[in-house]
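**Q** One structure, pasted below without further comment.
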Amino acid sequence: MIRSTDRILTTHVGSLPRPEDLIQIMYAKKEGIPVDREALAARVQSAVAETVKHQVDAGIDIVNDGEVSKPSYATYIKDRLAGFGGESNSFVYQDVAEFPKMAERVFNDPGRSRRKTPGCNAEISVSDREAAVTDTKNLIAATEGADISGKFLTGASPGVISLFFANTHYPDFESYIFAIAEAMRYEYETVTNAGIMLQLDCPDLSMGRHIQYADLSLADFRKRAELHVEALNHALENVPRDMVRIHLCWGNYEGPHHCDVPLRDVIDIAFTANVSGISFEAANPRHAHEYTVFDDVKVPDDVVLIPGVIESKSNFIEHPELIAQRITRIASRVGREQVIAGSDCGYGTWVGQAAVEPEIVWKKLEAMAEGAKLASAELWK
């Protein structure tokens with residue numbers, strides 16, 4: 001994991017605003033309308049370059065491709081893996097279920113309302129070996145000569161894939177999630193072999209509590225989360241620990257979130273993953289107080305925390321001084337060299353989703369970079 005010994009670095013969770021013309025092309029593809037594949041590939045490549053420039057101009061140190069090539073952070077795998085074509089998974093968001101009007105707002109979002117998640121109805125295998133390679137090439141080309149500290153690409157974890165895609169093929173859940181893990185090895189290794197940091201999105205370890213596993217006791221949920229991490233570690237057997245970070249997410253939607261599992265109840269399980277960085281929500285009103293967890297929870301020496309210091313569901317542009325406060329209150333507890341500033345979640349989780357106006361996203365990233373400078377001055381004075 002990239003570390004700094006003289007300042008707080010900045011990054012973000014992954015998805016960023018996609019250009020409007022690319023969104024329309026991706027809508028058409030999703031709806032089965034014929035799309036010029038070469039034209040789409042060229043537009044994705046140029047969009048990656050534009051997205052990297054936005055991040056560099058905002059002062060972000062560890063940048064990515066904005067996930068512009070993917071329809072979403074998790075469901076993209078149906079285009080890269082064989083074995084998915086059955087019935088979609090269905091589940092209830094426990095928190096919004098209590099508020100029907102709120103549920104309408106969440107599920108009628110332009111991005112979520114178009115998402116398609118067929119189930120697993122056959123043996124899982126890699127069907128497209130070029131997509132991940134193209135992602136690495138596009139990011140490497142876009143960052144050549146850029147003034148950055150590092151770059152990363154995101155990938156779906158075995159657990160989040162199992163959350164969205166129902167299993168009707170494998171005899172039990174354990175067989176299913178390990179089959180996913182085995183198939184995802186190729187993408188994980190392709191990214192890291194290209195010298196790019198891999199971030200695995202793991203909302204199954206947090207959001208899964210009030211969606212997929214809402215009917216379980218906390219103890220049973222923790223056992224299931226431990227199995228998810230076992231599968232994750234299996235998929236990462238050939239990947240250096242210092243090339244991987246994970247993101248814990250409680251759901252990137254504007255809902256009540258009063259059923260979110262506390263960070264304290266899952267962070268120890270996250271620490272068992274063979275990764276060197278953990279990103280988590282720490283700015284929004286439901287989780288901003290949880291920095292106190294680190295008063296008595298010891299962070300492993302080889303793990304860097306990436307707390308969210310700007311929200312992903314609010315159009316407020318956070319004041320740099322508030323961002324600096326959020327950084328320093330965690331850094332003062334775990335050590336300044338074990339903190340990188342990040343966002344709560346992404347800004348384009350699904351194609352067409354835009355809880356935050358695109359132009360405001362870049363200003364929020366600028367504010368984070370400025371806040372990191374203020375925090376650095378305080379922490380290294």
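**Q** State the answer as a single residue: which of PRO19, ALA47, ASN64 lies farthest towards the positive end of the charge dipole of region 2-64, with beta carbon charges of +1 for Lys and Arg and -1 for Asp and Glu, about the Cα centre.
**A** ASN64
**Q** Rounded, prolate or oblate, given the Cα gyration tensor of region 1-111, with a/c below 1.5 counting as rounded?
**A** Taking the square roots of the gyration eigenvalues as a ≥ b ≥ c, region 1-111 is oblate.
**Q** Just check region 75-204 against the gyration tensor rule for me: Cα atoms, a ≥ b ≥ c as the square roots of the eigenvalues, rounded for a/c under 1.5, and otherwise prolate or oblate depending on whether a/b exceeds b/c.
**A** Taking the square roots of the gyration eigenvalues as a ≥ b ≥ c, region 75-204 is oblate.
**Q** Shifting gears a bit: Between GLU359 and SER332, what is the label-to-label distance in nm when each label sits 7 Å out along the Cα-to-Cβ direction?
**A** For GLU359 paired with SER332, the spin-label model returns 3.8 nm.
**Q** I want to check the label-to-label distance for TRP380 and ASP265. Put each point 7 Å from Cα in the C-beta direction and report it in nm to one decimal.
**A** Placing both labels 7 Å beyond Cα along the Cβ direction yields 4.0 nm.
**Q** Another question about this same structure. With +1 on each Lys and Arg Cβ and -1 on each Asp and Glu Cβ, and nothing else charged, work out how big the dipole of region 54-175 is about its Cα centre, in Debye to the nearest 20.
**A** Rounded to the nearest 20 debye, it is 360 debye.
**Q** Between ASP296 and GLU20, with labels modelled 7 Å along Cα→Cβ, what's the label distance in nm to one decimal, could you check?
**A** If labels sit at ASP296 and GLU20, their model points lie 5.3 nm apart.
**Q** Provide the FRET efficiency to the nearest 0.05 for the VAL35-ASP147 pair, computing r from the beta carbons and using R0 = 41 Å.
**A** 0.70
**Q** Subtracting the Cα-Cα distance from 0.36 nm times the residue separation, let me have the gained length for ASN315 to LEU216 in nm, one decimal. Before the final figure, lay out the partial values.
**A** Details: separation 99, 0.36 × 99 = 35.64 nm, distance 3.47 nm.
Once the chain is fully extended between ASN315 and LEU216, it gains 32.2 nm.
**Q** Would you mind getting the Kirkwood hydrodynamic radius of region 266-350 from its Cα pairs, rounded to one decimal in Å?
**A** Values: mean 1/r = 0.0754 Å⁻¹.
Roughly 13.3 Å, rounded to one decimal.
**Q** So, one more: Mind ranking 203-209, 265-271, 294-300 by how tightly packed they are, going by the mean number of other C-beta atoms within 10 angstrom, highest first?
**A** Answer by packing, highest mean first, reads 203-209, 265-271, 294-300.
**Q** So if R0 is 35 Å, what FRET efficiency would ASP6 and ASP57 give, r being the distance between their Cβ atoms, rounded to the nearest 0.05?
**A** That gives a FRET efficiency of 0.95.
**Q** Ordered by packing density, taken as the mean number of other Cβ atoms within 10 Å over each peptide's residues, highest first, how do 148-154, 93-99, 125-131, 244-250 rank?
**A** For the peptides 148-154, 93-99, 125-131, 244-250, the packing ranking is 244-250, 148-154, 93-99, 125-131.
**Q** While we're here: I need the helices of the chain that pass two filters: whole DSSP H segments spanning 20 Å or more by Cα along the axis, and mean Kyte-Doolittle score no lower than -0.5.
**A** Span-like helices in the chain: 37-58, 173-193, 218-235, 320-334, 358-379.
**Q** Give the shape of region 217-316 as rounded, prolate or oblate, defined through the alpha-carbon gyration tensor: a ≥ b ≥ c are the square roots of its eigenvalues, a/c under 1.5 means rounded, and otherwise the shape is prolate if a/b is larger than b/c and oblate if not. Provide the component values of the computation, followed by the final result.
**A** Values: a/c = 1.67, a/b = 1.42, b/c = 1.18.
Judged from the Cα gyration tensor, region 217-316 comes out prolate (a/c at least 1.5, a/b above b/c).
**Q** Cβ under 12 Å from ALA377's Cβ, ALA377 left aside: what net charge do those residues give with Lys, Arg +1 and Asp, Glu -1?
**A** 0
**Q** Listed highest first by mean packing, meaning other Cβ atoms within 10 Å per residue, what order do 181-188, 357-364 come in?
**A** Going from most to least packed, we get 181-188, 357-364.
**Q** Let me ask you something else. Give me the number: length gained by fully extending THR168 to GLU182, i.e. 0.36 nm times residue separation minus the C-alpha to C-alpha distance, one decimal in nm.
**A** My answer for the length gained is 3.2 nm.
**Q** Taking R0 as 35 Å, what FRET efficiency do you get between ALA82 and ILE140 from their Cβ-Cβ distance, rounded to the nearest 0.05?
**A** Rounded to the nearest 0.05, the efficiency is 0.80.
**Q** Report which label in (1) 19.3, 59; (2) 20.9, 67; (3) 27.0, 91 holds the value of Rg and Dmax of the Cα atoms in Å derived from the coordinates of this structure.
**A** (1)
**Q** Take region 139-215, compute every pairwise Cα distance, and split them into 5 Å bins from 0; I just need the percent in each bin.
**A** Here the calculated profile for region 139-215 is 3, 14, 20, 19, 15, 11, 9, 6, 3, 1, 0.
Since every read-out is calculated from the coordinates, none of them should be taken as a lab result. Since we're looking at a predicted model, the values are computed, not measured. Using ideal geometry, Cβ is built from the backbone for each residue, glycine included, and neighbour counts are taken over all protein chains shown.
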